[in-house]
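The values are calculated or read from the model by the stated rules, or taken from the named source; none is laboratory data. Everything numeric here is computed off the predicted structure, so don't read it as measured data. Here the Cβ is made from the backbone with ideal geometry for all residues, glycine too, and neighbour counts use every protein chain on show.
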Amino acid sequence: MTHLALLPSPLLGPAAWSRVTVQLRQRGLRVTQVGLPERITSVEDVLTGFVAALPDAEPVVLVPHSNAGLYVAAIAARAPVRGAVYVDAGLPSLTASAPTAPGWLRERLGDLAGPDGTLPPWTEWWPEADVAGLFPDPAARREVEREQPRLPLAYFDAEVPTPAGWEQLPAAYLAFGDAYADERAEAVRRGWPVSTLRGGHLHMLVDPAGVADALTGLLAAWADGAGDPG
């Protein structure tokens with residue numbers, strides 16, 4: 001039976017996955033809700049923390065959200081991975097490494113860092129009107145904001161290593177709207193199963209049942225092809 005490892009964005013924390021975890025377990029799936037290390041100063045901190053949180057010696061299907069998608073190749077080089085379902089997420093690079101942020105975002109973050117080089121939590125990077133609409137209720141927002149790390153600006157000057165071979169893993173893509181349209185298009189080009197739910201970047205908090213259904217549907221789509229990870 002497939003064991004899913006839900007990877008949170010290093011900018012947010014595992015609470016973003018908490019409601020979908022409940023839904024998936026109710027559907028009989030085995031799920032590990034991966035946490036973040038207590039302190040993040042580097043890409044290696046995140047990578048080591050992700051790998052350490054995976055089940056020992058048991059192959060998993062990674063389900064990364066957002067920035068966590070960049071880590072799939074590096075995780076697969078260190079742990080047994082059967083496939084990946086990217087959820088409104090970045091993809092590993094086709095070169096040796098992937099930047100942790102696009103150029104426009106890195107430029108913006110330079111203006112947000114404090115005197116010590118530390119950034120505010122992710123929900124403070126954007127206008128309040130934009131952030132408020134991502135959450136279904138105040139309780140969900142409190143959960144996420146409690147876990148948000150304050151990352152050093154230097155984290156976004158680093159790159160995530162991208163060992164070769166990740167392209168051979170069975171994969172699928174779940175998009176929330178068009179924020180990751182380029183990544184979704186790349187998934188289509190690669191012939192992966194692809195699904196789109198209309199919503200914001202944290203749609204898994206807004207409609208956890210719908211997201212769980214979409215994930216199980218994408219996993220089932222693998223069963224119709226040679227790349228079945230189940």
Among the candidates Ala209, Ala154, Ala113, residue that is more than 27 Å from Ala77 (Cβ to Cβ), over 20 Å from the mean Cα position of the chain (by Cα) and of a type outside the set (D, E, K, R): Ala113
Odd one out for Leu91 among (1) among the hydrophobic types (A, V, I, L, M, F, W, C); (2) part of a loop (DSSP other than H, G, I, E, B); (3) modelled with pLDDT under 95; (4) within 22 Å of Arg184 (Cβ to Cβ): (3)
The listed residue being under 14 Å from the mean Cα position of the chain (by Cα), closer than 21 Å to Asp213 by Cβ, among the β-branched types (Val, Ile, Thr) and in a strand (DSSP E or B), out of Val63, Val20, Val31: Val63
Unique match (being in contact with a Ser or Thr (Cβ under 7 Å, 6 or more places away or on another chain), surrounded by 13 or more Cβ atoms within 10 Å (Cβ to Cβ) and either small (Gly, Ala, Ser) or closer than 30 Å to Ala220 by Cα (or both)) among Ala113, Ala84, Ala98, Ala77: Ala98
In region 115-148, the residues that are among the hydroxyl-bearing types (Ser, Thr, Tyr) and either touching a strand residue (DSSP E or B) at 6+ places or on another chain (Cβ under 7 Å) or without any contact (Cβ under 8 Å) to a residue 12 or more places away in the chain (or both): Thr118
